[in-house]
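Following: one structure in structure tokens, then a few remarks.
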Amino acid sequence: MPDMTFRCMLVQENEDKSFTRSIVTRSVDELPEGELLIKVHYSSLNYKDALSATGNKGVTRNFPHTPGIDAAGEVAWCGDGTFVEGEMVLVTGYDLGMNTSGGFGQYIRVPSSWAVRLPAGLTPREAMVIGTAGFTAALCVQGLEHGGVVPGDGEVVVTGATGGVGSVAVSILGQAGYIVTAVTGKPDAEEYLLSLGASRVVNRGGVLEGADRPMMKEIWAGAVDVVGGQTLAAVIKSTRYGGVVTCCGLVGSPDLPLNVFPFILRGVSLVGIDSVQVAMEPREKVWERLSGEWKPDHLESSVTEVSLEELDGKIDEILAGKIKGRVVVNLH
Ligand SMILES: NC(=O)c1ccc[n+]([C@@H]2O[C@H](COP(=O)([O-])OP(=O)(O)OC[C@H]3O[C@@H](n4cnc5c(N)ncnc54)[C@H](OP(=O)(O)O)[C@@H]3O)[C@@H](O)[C@H]2O)c1
């Protein structure tokens, strides 16, 4: 096991229960147990990282802590022979960045069962442009496929469309030939969303018109929702007969103020999406697709690359719903 130091973001809890973020130097000896030591080349910023970085105990119980639920880089040491030194791998989800020191540091140590071999079609940076947000978007698209929603069925709506999950979902769906309606709260985002692959762009308020009624006009063949609350309820109420709605987020609200009519009168399916505990075989298959047919080619225009030192401000921006596209963290 190499003995070395590395730079990372450290979130500390103060006596007055406030939290402070700083960039510090630590030793790999301080990392948690695990068979796999990874030299992280890139990480990415997800909404959950911002919750961890601001002391949300639902995400991270114990501080000091290094957030970062995503990491891609090279194997520095592997104690159980699963990987060889120098191999390129990626880790998303499981406990990384939650209660296990995460990708906002130049090294992570994790169980080898958490790592995916980097598919041939992806660089570590590209893998982190996708990251948990993109992997989740891909799981949502897969959920639509499994529910029988195919290109040509009609409009598929994506809420929170300029965010991480939303941007990648618009991009994958557009490339796969779906007609995509992007819902956004950002008045200046239309051109961006059309360039990603949306066919039309609707203001956030637009999907809520008539939402006080038990059912709404049938519009969507499928949906990818990251918002929850009234937005998810309205999307379900306006999904067409036999349509599929995937639910993965709660940026608006964790509540779901809804009746059963869309399910029992229109046969609408609500599919829950979790990216954290997906088993390794389906996980690898989704990453394979993300390196090929689903590689979000149009996303590079909206990538913001930051260093560890520049990450701090982006954490506040993502909490305020102000990020457009994906933020990758360069750990070199
Ligand atoms: N289930 C899973 O495994 C999983 C995995 C990844 C993420 N998630 C969840 O998915 C959600 C999105 O994650 P993300 O990384 O894409 O976050 P993000 O980059 O912050 O994107 C969220 C987007 O939602 C919109 N939005 C923000 N606040 C809103 C509000 N109050 N009402 C309506 N829309 C709002 C904004 O887009 P517009 O300005 O374009 O509307 C924002 O950019 C989060 O809740 C996250 O925890 C879940």
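Determine whether Val276 is in contact (Cβ under 8 Å) with a residue 60 or more places away in the chain and either within 21 Å of Leu139 (Cβ to Cβ) or more than 20 Å from the chain's Cα centre (by Cα) (or both). Yes: the conditions hold for Val276.
Out of Asp274, Asp316, Asp297, one residue alone is surrounded by fewer than 14 Cβ atoms within 10 Å (Cβ to Cβ) and more than 12 Å from the ligand (Cβ to nearest atom). It is Asp297. Among the residues of the stretch 76-99, is there at least one that is under 17 Å from the mean Cα position of the chain (by Cα), at pLDDT 95 or above and aromatic (Phe, Trp, Tyr)? Checked the stretch 76-99: at least one residue is under 17 Å from the mean Cα position of the chain (by Cα), at pLDDT 95 or above and aromatic (Phe, Trp, Tyr). Counting only strands (runs of 3 or more DSSP E) that fall entirely inside the stretch 5-95 and contain at least 1 residues that are hydrophobic (A, V, I, L, M, F, W, C), open to solvent by 30 Å² or more (accessible area, probe 1.4 Å) and in contact (Cβ under 8 Å) with a residue 40 or more places away in the chain, the qualifying elements are 19-27, 70-78. Within the set Leu144, Leu139, the sole residue that is part of a helix (DSSP H, G or I), at pLDDT 95 or above and more than 13 Å from the ligand (Cβ to nearest atom) turns out to be Leu144.
Here the stretch 233-260 is the region considered, the condition is being farther than 17 Å from Val149 by Cα and either touching a residue at least 60 places away in the same chain (Cβ under 8 Å) or of a type in the set (Gly, Ala, Ser) (or both), and the residue that is surrounded by the most Cβ atoms within 10 Å (Cβ to Cβ) is Ala234.
Among the residues making up the stretch 173-218, those that are within 27 Å of Glu293 (Cβ to Cβ) and open to solvent by 30 Å² or more (accessible area, probe 1.4 Å) are Gln175, Ala176, Gly177, Ile179, Glu190, Glu191, Leu194, Ser195, Ser199, Arg200, Val201.
Check off (1) under 16 Å from Leu144 (Cα atoms); (2) surrounded by 19 or more Cβ atoms within 10 Å (Cβ to Cβ) for Trp287 and give me the number that stays unchecked. Here Trp287 meets the rest and fails (1).
The values are calculated or read from the model by the stated rules, or taken from the named source; none is laboratory data. Just so you know, these numbers come straight off a predicted model, no measurement behind them. Using ideal geometry, Cβ is built from the backbone for each residue, glycine included, and neighbour counts are taken over all protein chains shown. Note: accessible area is taken over every heavy atom of the protein model, side chains too, but ligands, DNA and RNA are not part of it. Shrake-Rupley method; radii C 1.70, N 1.55, O 1.52, S 1.80 Å.
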